[in-house]
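Scroll down for the structure; my scribbles are underneath it.
The values are calculated or read from the model by the stated rules, or taken from the named source; none is laboratory data. Values in this document were obtained by computation on a predicted structure and should not be read as measured data. We place every Cβ from the backbone using ideal geometry, glycine too, and count neighbours over all the protein chains shown. We work out accessible area using only protein heavy atoms, side chains counted, and drop any ligands, DNA or RNA first. Shrake-Rupley method; radii C 1.70, N 1.55, O 1.52, S 1.80 Å.
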Amino acid sequence: MSVIATTPKFKENAHAALTDARLQGALSFSRNFTDRRAAAADRLPEFEALRDSARAIKDHTLAHLDLYLAAHEEKVKESGGFVHYAQDADEARRIIVNLCKSFGAKSATKAKSMIAEEIGLNDALEAAGIEPVETDLGEYIIQLRHEAPSHIIAPAIHLTKKDVEEAFRKAHRGLPANRDLSEPEALLAEARAILRAKFLAADVGITGANFLIAETGASVIVTNEGNGDLTQILPKAHIVIASIEKIVPTLEDAAQLLRVLARSATGQDASVYTTFSTGPRRPEDPDGPSAYHVVILDNGRSSMLGGEFEDMLRCIRCGACMNHCPIYQAVGGHAYGWVYPGPMGAVLTPSLIGVAEGGQLPNASTLCGRCEEVCPVRIPLPKMMRHWREREFERRLSPAPLRYGLRFWAFFARRPALYRLATNIAARALNLLGRGKGRLSWAPLAGGWTDYRDLAAPQGATFQSQWRAKSGATK
Ligand code: SF4
């Protein structure tokens, strides 16, 4: 199923998510990731230095992207493979569908690709009479449920064991009603049995890529299930779909990035499988595809180069920012309404589908800064969300009360003396309103907060007065 962008409805989606008791129960699991990442970082003394190095590798690559793309293409050709460039989603779909048709494909196994989600590849394959089969367990489950992923590394994190059992009972013909599927191991065995036949029958394997290495022409994917290996080795053709910023210069650079990727994503020192794929099968290879194609997608990314959102192209899709985001933790990934959720989605989505469609997402943040704190490539996500908010404001896309409220605030903020006077008066008035309880169940213009919870009444002097008293400032 292609992802239908409901991004402009973020508020409605978030409301629905917050009142969904089943979803709230399922989301609590994702909180485990934060402890695991912290423990993995503690185990590696050079973790912070590695983050600096990861950022430097990505910045260097972005500054010379044209050269490294050309070098990668050269190496792929040398190995007997082909590279195709797609300007947008339409072109990428067309290239992949035509390749699949050229191999006479009836079915295609797929592994590990958010880019395939971005371009709506499954719909295009189905329309061409080719059965797409997701082989990552989470992706397979959501494919059965006709849903989009809700997390970039844990696509079915919004589901419970019960949901998965229901999906299997509905979709797997011949599954005995009395088969016990109450435990994860049983669910895994059931999915494995079905997928094994699909792996063997597939004519084409389509994988994403965590990295494309310019030095060797290799594509790299990391998985914990081994499905990536079976997807690219068993069929007669292997198609890699990746976006332009997945290029890294050398094998050594990929190795450095891999050291921060798994630790940031799942708290593992390394993912269970790290698979390098370099061209089609050579005469001395025991197995492998006879054809190897890499489709490299731009889809608006090149216009981010050199601009205030270029840093976003450093993203290595670890998911740490969403694992640590209080908004993502509360509403889950589907509320974001498109492919990329959480803080990285709040910056990337408006860049890819436009601020008019995706402009609500940068507002889905408390700007607490946890995302930037944990990002392995140190992307300044809060700063970029503020940039998008400015764009939304300038284009008059934000709600009128917010725009007028900001103008009102800006009037005072530019006049420090008046600002101090106004905040003093407001603090005293609110203090009076909350007298007795120390809390307010109503305050002017604060209905968005007080409709759901009390607001603490201001106590004592304002921050500015306290600061002046402490620093001895006279102004
Ligand atoms: S923005 Fe940073 S933390 Fe978030 S997915 Fe990308 S690399 Fe990971």
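So which residues in the range 372-386 are of a type outside the set (Val, Ile, Thr), assigned to a loop (DSSP other than H, G, I, E, B) and either away from the ligand (no atom under 16 Å from the Cβ) or touching a Cys at 6+ places or on another chain (Cβ under 8 Å) (or both), if there are any at all?
Going residue by residue through the range 372-386, those that are of a type outside the set (Val, Ile, Thr) are 372-373, 375-376, 378, 380-386.
Those still in the list that are assigned to a loop (DSSP other than H, G, I, E, B) too: 375-376, 378, 380.
Of everything in the range 372-386, those that are of a type outside the set (Val, Ile, Thr), assigned to a loop (DSSP other than H, G, I, E, B) and either away from the ligand (no atom under 16 Å from the Cβ) or touching a Cys at 6+ places or on another chain (Cβ under 8 Å) (or both) turn out to be Cys375, Pro376.
From the list Gly354, Gly342, Gly369, Gly359, which one is on the phi > 0 side of the Ramachandran plot, away from the ligand (no atom under 14 Å from the Cβ) and open to solvent by less than 30 Å² (accessible area, probe 1.4 Å)?
After ruling out the rest, the residue left standing is Gly354.
May I ask you to list the residues in the range 68-89 that are in a loop (DSSP other than H, G, I, E, B) and open to solvent by 60 Å² or more (accessible area, probe 1.4 Å)? Give the steps one after another, and end with the answer.
The first filter runs over the range 68-89 and keeps only residues in a loop (DSSP other than H, G, I, E, B), leaving 79-81, 87-88.
Hits for the range 68-89 are Gln87, Asp88.
Would you say Asp298 is in the same structural domain as Ser113 (by TED's automatic domain parsing) and modelled with pLDDT under 95? I'd like the intermediate steps shown before the answer.
On the way: in the same structural domain as Ser113 (by TED's automatic domain parsing): yes; modelled with pLDDT under 95: no.
The answer is no for Asp298.
Is at least one residue of the range 275-285 outside the structural domain of Gly205 (by TED's automatic domain parsing), within 22 Å of Ile153 (Cβ to Cβ) and away from the ligand (no atom under 12 Å from the Cβ)? It would help to see each step written out before you state the result.
Restricting attention to the range 275-285, the residues satisfying the condition of being outside the structural domain of Gly205 (by TED's automatic domain parsing) are none.
No, the range 275-285 contains no residue that is outside the structural domain of Gly205 (by TED's automatic domain parsing), within 22 Å of Ile153 (Cβ to Cβ) and away from the ligand (no atom under 12 Å from the Cβ).
A quick yes/no check of all residues on (1) more than 15 Å from the ligand (Cβ to nearest atom); (2) out of contact with any Pro (no Cβ under 8 Å at 6 or more places or on another chain); (3) not in a helix (DSSP H, G or I):
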site: Ile239; (1), (2), (3): yes, yes, yes
site: Gln256; (1), (2), (3): no, yes, no
site: Ala262; (1), (2), (3): no, yes, no
site: Ala270; (1), (2), (3): yes, yes, yes
site: Val295; (1), (2), (3): yes, yes, yes
site: Gly307; (1), (2), (3): yes, yes, yes
site: Met312; (1), (2), (3): no, yes, no
site: Cys318; (1), (2), (3): no, no, yes
site: Gln329; (1), (2), (3): no, yes, no
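Of these, Ala335, Ala427, which one is away from the ligand (no atom under 14 Å from the Cβ), in a helix (DSSP H, G or I) and at pLDDT below 90? Talk me through it step by step, then tell me what you get.
Working: Ala335 fails: at pLDDT below 90.
After applying the criteria, what remains is Ala427.
Residue check: is Ile153 among the β-branched types (Val, Ile, Thr) and either open to solvent by 40 Å² or more (accessible area, probe 1.4 Å) or outside the structural domain of Val248 (by TED's automatic domain parsing) (or both)? Full working, then the answer.
Working: among the β-branched types (Val, Ile, Thr): yes; either open to solvent by 40 Å² or more (accessible area, probe 1.4 Å) or outside the structural domain of Val248 (by TED's automatic domain parsing) (or both): yes.
Taking the combined requirement at face value, the residue satisfies it.
Just to verify a result, which residue in the range 166-191, among those that are crowded, with 19+ Cβ neighbours inside 10 Å and of a type outside the set (Gly, Ala, Ser), is farthest from Pro132 (Cα to Cα)?
Out of the qualifying residues, it is Leu181.
From the list Arg389, Arg403, which one is in a helix (DSSP H, G or I), open to solvent by less than 30 Å² (accessible area, probe 1.4 Å) and among the basic types (Lys, Arg)?
Values: Arg389 fails: open to solvent by less than 30 Å² (accessible area, probe 1.4 Å).
On inspection, the qualifying residue turns out to be Arg403.
Which numbered condition trips up Ala116, out of (1) open to solvent by 10 Å² or more (accessible area, probe 1.4 Å); (2) in contact (Cβ under 8 Å) with a residue 24 or more places away in the chain; (3) under 18 Å from the mean Cα position of the chain (by Cα)?
Ala116 satisfies every listed condition except (1).
Kindly evaluate Arg396 against the criterion of being within 16 Å of the ligand (Cβ to nearest atom), open to solvent by 40 Å² or more (accessible area, probe 1.4 Å) and among the charged types (D, E, K, R). Break it down into steps so the answer makes sense when it comes.
On the way: within 16 Å of the ligand (Cβ to nearest atom): no; open to solvent by 40 Å² or more (accessible area, probe 1.4 Å): yes; among the charged types (D, E, K, R): yes.
So Arg396 does not fit the description; no.
Among Val222, Val204, which is over 23 Å from Thr266 (Cα atoms), in the same structural domain as Pro155 (by TED's automatic domain parsing), of a type in the set (A, V, I, L, M) and buried (at least 18 other Cβ atoms within 10 Å of the Cβ)?
On the way: Val222 fails: over 23 Å from Thr266 (Cα atoms).
None of the other options fit; the residue is Val204.
Give me the pairs, please: first residue somewhere in the range 291-319 and over 10 Å from Leu62 (Cβ atoms) and among the polar types (S, T, N, Q), second residue anywhere and assigned to a helix (DSSP H, G or I) and within 12 Å of the ligand (Cβ to nearest atom), beta-carbon distance under 6 Å, and either six or more positions apart or on two chains.
Sorted first by the residue in the range 291-319, then by its partner, the list stays empty.
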